[in-house]
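The values are calculated or read from the model by the stated rules, or taken from the named source; none is laboratory data. Just so we're clear, the structure is a prediction, and the values are computed from it rather than from any experiment. Note that we place each Cβ from the backbone using ideal geometry, even for glycine, and neighbour counts take in every protein chain shown. Calculation scope for accessible area: heavy atoms of the full protein, side chains included, ligands and nucleic acids excluded. Shrake-Rupley method; radii C 1.70, N 1.55, O 1.52, S 1.80 Å.
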Amino acid sequence: MLIEQPPFLYRALFPGVIWRIPSATGKQVFLTFDDGPIPEVTPWVLDELDKYGIKATFFCVGDNVRKYPDVYREIITRGHVTGNHTYHHLQGWKTFTKKYLHNVNKADELIGSGLFRPPHGHIRFLQLASLLNKYNIIMWDVVTRDYSKRMTGQRVFENVKKYSRNGSIIVFHDSLKAEDKLKYALPRSIEYLLKEGYTFKLLKENSSR
């Protein structure tokens, strides 16, 4: 559970970031995808979302946006929201702050979003303080772990079923590492959440903290 749904004490270490956005009037979730766009996986995700009439937020790696601009534009054209996931998918804990912020700014030149998610959720306090001046920093309430070699598609789906709740920000990955688990778990997860009465919402740059 420490991975799939970070506990309160861990969340408290990062003041000002958004982990969950519960609704007072009904059950809602926020579907997000990290690490794309890539032509092998992202178009499939977009088609699946279209089947269910669902919009999602894609936290994009700047270098992938540079390499696959047509795929990136398709995300926007289909009505989804994008966020900054650094230019080179840098881990904040392993990167000097000046270099990290430069990498975020480089991605911003291509993405231009007021949403930011640090890769792996790893970010230094000085990096966090600097980025909060410009971005809503989005973490998560449920990480599916679809990227893990140790996981099966069924277990990824079970994570969604077990941990999702009102306001959950759910993380999948439109990446090659996640592809096989994603293709199993995503449609089943959407259908399960719809059956449970959840509505799917988009993250916005002015999301409440």
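Do we find a residue being more than 28 Å from Phe125 (Cα to Cα) and either open to solvent by 70 Å² or more (accessible area, probe 1.4 Å) or in contact with a strand residue (DSSP E or B) (Cβ under 6 Å, 6 or more places away or on another chain) (or both) anywhere in the stretch 3-21? Steps first, please.
Our first condition is that a residue be more than 28 Å from Phe125 (Cα to Cα); within the stretch 3-21, this holds for none.
No; the residues of the stretch 3-21 include none that is more than 28 Å from Phe125 (Cα to Cα) and either open to solvent by 70 Å² or more (accessible area, probe 1.4 Å) or in contact with a strand residue (DSSP E or B) (Cβ under 6 Å, 6 or more places away or on another chain) (or both).
Considering only residues that are without any contact (Cβ under 8 Å) to a residue 40 or more places away in the chain and in a helix (DSSP H, G or I), which ones fall in the stretch 110-120? Within the stretch 110-120, His120 is the sole residue that qualifies. Determine, yes or no, whether Gly79 is over 25 Å from Lys106 (Cα atoms) and either out of contact with any Phe, Trp or Tyr (no Cβ under 8 Å at 6 or more places or on another chain) or of a type in the set (D, E, K, R) (or both). Against the criterion (over 25 Å from Lys106 (Cα atoms) and either out of contact with any Phe, Trp or Tyr (no Cβ under 8 Å at 6 or more places or on another chain) or of a type in the set (D, E, K, R) (or both)), Gly79 does not qualify. Considering Val41, Val45, Val61, the condition of being in contact with a His (Cβ under 7 Å, 6 or more places away or on another chain), closer than 21 Å to Ser148 by Cα, β-branched (Val, Ile, Thr) and open to solvent by less than 20 Å² (accessible area, probe 1.4 Å) is satisfied by Val61 alone. For the stretch 155-201, a tally of residues being without any contact (Cβ under 8 Å) to a residue 12 or more places away in the chain and open to solvent by less than 70 Å² (accessible area, probe 1.4 Å) returns 0.
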